[in-house]
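The values are calculated or read from the model by the stated rules, or taken from the named source; none is laboratory data. Since the structure is predicted, the reported quantities are computational estimates derived from the model, not experimental observations. So basically every Cβ, Gly included, is an ideal-geometry build from the backbone, and we count neighbours across all protein chains shown.
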Amino acid sequence: MSFINFPTREICCKIVYYGPGLGGKTANVQHIFDRTAEGSKGRLISLKTESDRTLFFDFLPIDLGKISGFTTRLQLYTVPGQVHYRASRRLILRGVDGVVFVADSQPGRLDADAESMSDLEENLAEQGQPLESVPLVIQYNKRDLADAVPVAELRELLNPRRVPELEASAARGLGVFETLRAVGRLALTGIKLPRR
């Protein structure tokens, strides 16, 4: 749930990039960091293993300007995609305001995509949040590959509810900010500022 700080007049929304390992979650956040003006972003904190895979999370606060007189910040996190980091993924999902599911469009990654979506649903359910209650955007990443699985097939596998979906190539920066805007809109739409 969004954190509203009345004394400082700030709203913070937590956005989590979720998906299989090496699917492009960190590439999304890195591109956003690289292309965001210095005054509108915080530090990018990234924990990596020796093989350069995210171990726990990437964290990047972004200032979106003001909404109803409140400074609005998105805090972007990624989760480790590797199966054995399930407890870390569950922890990072606590208090989530929106999820970007980054699907890997490579043919050999369909099972990993489906397993990761199922893992997302289970982890949210364990926290008492059904997947349907969380703002969700699906990003079909790696669309620039010649053998990318058709979007219709990915949609059938991952998006039966027909949540917003976008095509992207995070490595090239295509569709990255469009995805962020889509999930940001969904997350901020649900915020109700109490009258004071």
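So, in the range 112-152, exactly how many residues are of a type outside the set (S, T, Y) and within 13 Å of E167 (Cα to Cα)?
13
Residues are listed down the side, and each one gets a yes or a no for (1) charged (D, E, K, R); (2) at pLDDT 95 or above; (3) more than 21 Å from Q75 (Cβ to Cβ):
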position	(1), (2), (3)
S105	no, yes, yes
E121	yes, yes, yes
L124	no, yes, no
A146	no, yes, yes
P160	no, yes, yes
E178	yes, yes, no
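Please go through (1) outside any loop (DSSP other than H, G, I, E, B); (2) under 26 Å from L131 (Cα atoms); (3) modelled with pLDDT of 75 or more; (4) of a type outside the set (A, V, I, L, M, F, W, C) for H31 and return the number of the only condition it doesn't satisfy.
Of (1) outside any loop (DSSP other than H, G, I, E, B); (2) under 26 Å from L131 (Cα atoms); (3) modelled with pLDDT of 75 or more; (4) of a type outside the set (A, V, I, L, M, F, W, C), only one is false for H31: (2).
Return the residues of the range 132-150 that are within 19 Å of the chain's Cα centre (by Cα) and in contact (Cβ under 8 Å) with a residue 12 or more places away in the chain; say none if nothing qualifies.
Answer for the range 132-150, where residues must be within 19 Å of the chain's Cα centre (by Cα) and in contact (Cβ under 8 Å) with a residue 12 or more places away in the chain: E132, V134, P135, L136, V137, I138, Q139, Y140, N141, K142, R143.
Across the range 84-117, what is the number of residues that are without any contact (Cβ under 8 Å) to a residue 40 or more places away in the chain and over 22 Å from C13 (Cβ atoms)?
The total comes to 6.
The conditions are (1) touching a Ser or Thr at 6+ places or on another chain (Cβ under 9 Å); (2) modelled with pLDDT under 80; (3) of a type in the set (V, I, T), and I45 fails exactly one of them. Which is it?
Tallying (1) touching a Ser or Thr at 6+ places or on another chain (Cβ under 9 Å); (2) modelled with pLDDT under 80; (3) of a type in the set (V, I, T), I45 fails exactly one: (1).
Just for the range 5-36: of the residues that are over 30 Å from E115 (Cα atoms) and among the β-branched types (V, I, T), which one is surrounded by the most Cβ atoms within 10 Å (Cβ to Cβ)?
Selected residue: I11.
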